[in-house]
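I have a structure here, written as structure tokens, and I will follow up with some questions on it.
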Amino acid sequence: MINNMNSYFVAEKQESVIFMAVGLLAIGLSVWLWMNGHRLKSMAYPLVVIGLMQMVVGGTVYLRTDSQVSTLIAQLQVNPAAAKAAETTRMQTVMKNFSIYKSIEMLLLIIGLGMIAFVQRHDMAAGIGVGLVLQAAFTLTLDLFAEARGADYLSAVQGIAV
């Protein structure tokens, strides 16, 4: 179980670095768009808002992961039944939240595509649409990987013999 846990949390930590890097890149691109007066500079709005969220979420996951793993390992050694119950409950909540995240990301993707398709003559709307599509597609993709990883980890947790 320790190997499954370490693999899961190492991948979570790696993905959190990707989230932070993309958030930083989105903010950097936004600054460049505004400084250069690009016609689609309004894509900076969703890039910055979602980029900041990516940086906060990525940073939070990255900073808490090591202590979370240490705590889980200690709990498994002291009381495997309680550790299994607590981690199962936590992961079930995480998995339910993925449904919410995916719904929001798909909605933003659809809104962005709609803005590009139907309001493309207005630079502001087209820019916002492009920003939404970029961020929603990227975040959805990473969340799909995280969800699959979470499902595997939850199965491993539920298989802990107590």
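Would you mind getting the accessible area per residue of the chain, heavy atoms of the protein chains only, 1.4 Å probe, in Å²?
Here the per-residue accessible area is 56 Å².
Can you give the charge dipole size of the chain about its Cα centre, rounded to the nearest 20 debye, using +1 on the beta carbon of Lys and Arg and -1 on the beta carbon of Asp and Glu?
Dipole size: approximately 240 debye.
Note down the relative contact order for the chain as a percent, whole number, built from C-alpha pairs under 8 angstrom at least six residues apart.
The normalised contact order for the chain reaches 31 percent.
Springs between alpha-carbon pairs under 10 angstrom, Gaussian network model over the chain: which of 75, 54, 135 fluctuates most?
Result for the chain, Cα springs under 10 Å: 75 fluctuates most.
If you average the C-alpha positions of region 1-29 and of region 87-158 separately, how far apart do those two centres end up, in angstrom?
Here the answer is 16 Å between Cα centres.
Which percent of the accessible heavy-atom area of region 21-162 goes to carbon and sulfur, probe 1.4 angstrom?
Within region 21-162, the accessible surface is 71 percent carbon and sulfur.
Taking trypsin sites (Lys or Arg not before Pro) as exposed when DSSP calls them loop (any state but H, G, I, E, B) and at most 16 other Cβ atoms lie within 10 Å, what is the longest stretch of the chain free of them, the sites themselves excluded?
The segment 40-120 is the longest one with no such site.
Separate question: Measure of size requested: the Rg and Dmax of region 93-162, with Cα atoms as the atom set and Å as the unit; please supply both.
Cα only, region 93-162: 16.8, 63 Å (Rg, Dmax).
How high is the relative contact order of region 79-162, in percent, counting Cα pairs under 8 Å that sit 6 or more residues apart?
Reported as a whole number, the value is 43 percent.
Can you give the net charge of the other residues whose Cβ lies under 11 Å from the Cβ of residue 153, counting K and R as +1 and D and E as -1?
My count for the surroundings of residue 153 gives -2.
Which value at 222 nm does the chain reach when only helices count, each DSSP H run of 4 or more adding -39,500 (n - 2.57), with the total divided by all residues and rounded to the nearest 500 deg cm²/dmol?
-32500 deg cm²/dmol
Of 30, 42, 67, which has the largest mean-square fluctuation in a 10 Å C-alpha GNM of the chain?
67
Turning to a different aspect of this structure: Can you give the FRET efficiency to the nearest 0.05 for residue 71 and residue 106, using r as the Cβ-Cβ distance and R₀ = 25 Å?
0.15
Enter the per residue convex hull volume of the chain, computed from alpha-carbon coordinates, in Å³ rounded to the nearest integer.
Dividing the Cα hull volume of the chain by its residue count gives 83 Å³.
I would also like to ask the following. Which of 4, 24, 44 sits closest to the plus end of the dipole of region 1-90, meaning its Cα is farthest towards the positive end, when Lys and Arg get +1 and Asp and Glu get -1 on the C-beta?
Value: 44.
GNM on the chain, C-alpha springs below 10 Å: top fluctuator among 147, 105, 87?
Sorting by GNM fluctuation, first place goes to 87.
The values are calculated or read from the model by the stated rules, or taken from the named source; none is laboratory data. Quick caveat, the model's predicted, so the values are computed rather than measured. Please note: Cβ atoms are built from the backbone with ideal geometry, for glycine as well, and neighbour counts cover all protein chains shown. Ligands, DNA and RNA are stripped out before the accessible areas are found, and what is left, the full protein with its side chains, is counted by its heavy atoms. Shrake-Rupley method; radii C 1.70, N 1.55, O 1.52, S 1.80 Å.
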